[in-house]
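Novice: Handing you this structure, nothing more for now.
Coordinate-derived values only; no laboratory data. A quick note: this is a predicted structure, and the numbers were derived from the prediction, not measured. Counting neighbours? That spans all protein chains shown, and the Cβs are built from the backbone with ideal geometry, glycine included.
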Amino acid sequence: MSLDLSTFPPNSRYENSTNAYTGHMCYCPMHLDLSAPKSSVGEWVGSGKLLTPGTLVQLVTFEDGKSTFLCAGCAMSAVERSTRDPDENERAVGTVTRKTMETAGIYEDYKNTFKKAVSVQSGAMTPEGGILSLWVEATPFKIDRNTMTDPNTMSRKFDEFLQLQTEDESKLSLADKWVAKYLEKDSQHKS
């Protein structure tokens, strides 16, 4: 994951929101206007979905130890699709087709970035911009590129992993409180 804006997507830590909360953004193609390419990766900064406290997220960690946040579901979609090239009009990430991503000039970088993912940690965004696991144990899903060689296998292994996790009700309650507090602050900020 590039912290120098040399490859797409920008790291989630890059956001230029005028919102009361300063934190992370999800740069999944499903949250972007892909109708035209940008001249640089930096032009995408601030165009993603704001990840506010309590939002369900996934923290993707890469081979080099760097990491980035995406919305819950967006991360696994990106990692799963990095295992093969879909046809031009086939969905590449979520509901976005490969052709749409190519038109925006982001397909190759996005695919190649997530080919380097080694783990995905699910949880909720904290007010400090970290992750709170919503499970009893904060266990990340480890990606084994030797056995998880296609989207279906990756998805099945992730589903099996999820079946083994136990939700922590107190952490779920805390995340809900963060959402409510953020919404209250945001509505005051807009007034």
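Novice: Within 10 Å of each candidate Cβ there may be at most 12 other Cβ atoms; applying that plus a DSSP loop requirement, which GluC sites (Glu not before Pro) in the range 115-187 survive?
Specialist: Passing sites in the range 115-187 are Glu128, Glu137.
Novice: Check cross-link reach from Lys38 to the lysines: straight Cα distance under 29 Å, and skip same-chain residues fewer than eight apart.
Specialist: Here the lysines satisfying the reach criterion relative to Lys38 are Lys49, Lys66, Lys99, Lys111, Lys115, Lys116.
Novice: Mind running the shape call on the chain? Use the C-alpha gyration tensor, a ≥ b ≥ c as the square roots of the eigenvalues: rounded below 1.5 for a/c, prolate if a/b tops b/c, oblate otherwise.
Specialist: Here the chain falls in the oblate category.
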